[in-house]
1. Using the Karplus curve 6.51 cos²θ - 1.76 cosθ + 1.60 with θ = phi - 60°, work out ³J(HN,Hα) for each residue of the range 121-132 in order, rounded to whole Hz, and write x for Gly and Pro.
2. Looking at 58, 252, 182, which one has the Cα that reaches farthest to the positive end of the dipole of the chain (charges on Cβ: Lys, Arg +1; Asp, Glu -1)?
3. Could you give the nm distance between label points at residue 235 and residue 280, where each point is 7 Å from its Cα heading toward the beta carbon?
4. What are the residues whose amide H is under 5 Å from the amide H of residue 289, where those residues sit 5 or more places off or on another chain and H is modelled from the backbone?
5. Starting from the Cα of residue 44, step 7 Å along the direction of its Cβ; do the same at residue 122; then give the gap between the two resulting points in nm.
6. Counting alpha carbon pairs within less than 8 Å and at least 6 residues apart, what relative contact order, in whole percent, applies to the chain?
7. How many nm separate the modelled label positions at residue 66 and residue 89, each set 7 Å beyond the Cα in the direction of the Cβ?
8. Using the number of other C-beta atoms within 10 angstrom as an exposure proxy, rank 144, 86 with the fewest first.
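Since every read-out is calculated from the coordinates, none of them should be taken as a lab result. Remember, predicted model here, so these are calculated numbers, not experimental data. Reconstructed Cβ throughout: ideal geometry from the backbone, glycine too, with neighbour counts over all protein chains shown.
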Amino acid sequence: MTGGAVTVVVPASSANLGPGFDALGLALGIYDEVTVEIRDQQGLSVHVDGVGADVLPGDESHLVVRALRAGFDRFGGTPSGLAVSCVNRIPQGRGLGSSAAAIVAGVLAAAGIAAGGHVGDEGLAQVLDVASRLEGHPDNVAACLFGGFTVAWSDDQGARAARLDPAAGLHAVLFVPAAGLPTETARGMLPSTVPHQDARHAAGRSALLVAALTRRTDLLLPATEDRLHQPYRAAAMKPTADLVARLRAGGLAAVVSGAGPSVLVLLSADAQEAAAQSELAGPEWTVLAVPVDRAGAQISVPLRT
């Protein structure tokens, strides 16, 4: 394995989308780009531009590198030398799938190098499984890999996902805070059991959300109502919980994006400008109107010069 190179472009993603805890995901139009080159010389070089450039490691502990190693273990080959170049645009530690994007980029790059640049459906299924094992759950990984709206689950065969086309008029507005929140902290606040009526509520709203995201965007507000995880996490991200409540009171389908602390608003095209210009968020929030990504992770072989 010498001389091969691939570039992978991966979208941000938002998981849960309210009631669809650890199952539903939506790909968003913010992208990281990773180029991986196999070199004859032994060793590893890692270069990072953009988000996290001043804090991310430049050694084997880098998440993309760890994902590459796991990918090579699955797809074959032990390269003697690696050069990894990352251009990061996805906010990190904000509930927008930055870790899933890094993992998908690494695993897909390994699959692409092993396959000569083309990864078929069977290969993508294996990428999903490897990436989900690294991430710990498949919701963000599935949306990042396949794009659009995904329903993900795990069974005896590993991680699985079904991709659905989002409604044509579906758009997203993100409210991103300056400070992040570790996913482990947010997960640690969840109880081991929930009342049966809340579980029943989540099942119904999750089913409704599938319809709302694919055909009936007029149902987004009731479909995104959550009792399963957001109330338990509110104490760890009070500004996030307060903003979600204010936006929903104003008729906008606002949810905590993933484990937070970013807020995602789902809306139809005619409401996009109104949400993006909402005065309900203060100056501590960066407001981004972003498209829904419908292509997912893209892999290409760079032209040699």
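1. 4, 5, x, 5, 4, 5, 4, 4, 5, 4, 5, 5
2. 252
3. Here the answer is 2.5 nm between the modelled labels.
4. 174
5. Label at residue 44, label at residue 122, 3.0 nm between them.
6. Contact order relative to length: 26 percent.
7. Distance between label points: 2.6 nm.
8. 86, 144
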